Amino acid sequence: DEIENDLRNGNIPFSGIISYDEEFIWIKHQPYVRLTVIDTKFRIIIADVIIPREYFSAEYIKQFLKASLYGLDVDTIITDGYRAYPEIIESLGAKQQRCSFHVMKNLMDDINPIHLSLKRKIKKAEEKIPELEEKLKELQEKYAGKIGRIPKTDKKRQKDKAKMKELKKEISKKK
């Protein structure tokens, strides 16, 4: 209460730029939400409350912010991308700024499944390379010392040469 009074009376500096976020938590197997307002520049917790999850709504956020910021000259509120924020913040007469951490996290959430899928494909391809190289080596050793054009009658050697070509192509693709 003393800090809150000092903040509202101007004894503690206030930047006018705040961060607001929620954290969804469990306490004794029950869902709760922690709502926090922090002065971004001076790193002062202005308000911090834990409520049962069933009370959490856009209307609750609006009332919480209104009560928490009463008497303070708020210019900008930094938030994540929850759809209700623009309307809530506008009703409070402030500007909204999207948190760069949340923007990056949301981008990574979209990219991550693709990235993980590609990593698995690369790993699988890299694991296959030694096996392909071994097959190629066996075929090369089988015909070591034989040079020149392959006779048309030697169908087995022609098939093996085509297979060696295909293995080389596959290995270079996987690398």
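Data for the structure
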read-out	value
Accessible area of segment 88-175 divided out per residue, in Å², using a probe of 1.4 angstrom	85
Long-range HN-HN contacts of Asp21 with modeled amide H, under 5 Å	Thr36
Kyte-Doolittle at least 1.0, axis length at least 27 Å by Cα - qualifying DSSP helices, the chain	none
Whole-number D in µm² s⁻¹ for the chain, Kirkwood Cα-pair radius fed into Stokes-Einstein, 4 °C, 1.567 mPa s	59
Relative contact order %, the chain, counting alpha carbon pairs below 8 Å whose residues are six or more apart	14
Candidates Lys128, Lys152, Lys62, ranked by Gaussian network fluctuation over the chain, Cα under 10 Å, top entry	Lys152
Approximate spin-label separation Tyr70-Gln30, in nm, with each point projected 7 Å along Cα-to-Cβ	2.6
Residue-averaged 222 nm ellipticity for the chain, from DSSP H runs of 4+ at -39500 (n - 2.57), nearest 500	-17000 deg cm²/dmol
Surrounding net charge for Arg53, when Lys and Arg each add one and Asp and Glu each subtract one, Cβ distance under 11 Å	-1
Charge dipole (debye, nearest 20) of segment 19-175; +1 at Cβ of Lys and Arg, -1 at Cβ of Asp and Glu	2500
Percent carbon-and-sulfur accessible area, segment 100-175, ignoring ligands, DNA and RNA, probe 1.4 Å	57
Simple spin-label estimate for Arg98 and Lys173 in nanometres, 7 Å along Cα-Cβ	3.9
Segment 140-167 versus segment 7-57: alpha-carbon centroid distance in Å	74
Per residue, in Å², the accessible surface of segment 1-41 once ligands and nucleic acids are set aside, probe 1.4 Å	67
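The values are calculated or read from the model by the stated rules, or taken from the named source; none is laboratory data. Fair warning: this is a prediction, and the values are worked out from it, not measured in the lab. Here the Cβ is made from the backbone with ideal geometry for all residues, glycine too, and neighbour counts use every protein chain on show. Keep in mind that these areas ignore ligands, DNA and RNA; they rest on the heavy atoms of the full protein, side chains included. Shrake-Rupley method; radii C 1.70, N 1.55, O 1.52, S 1.80 Å.
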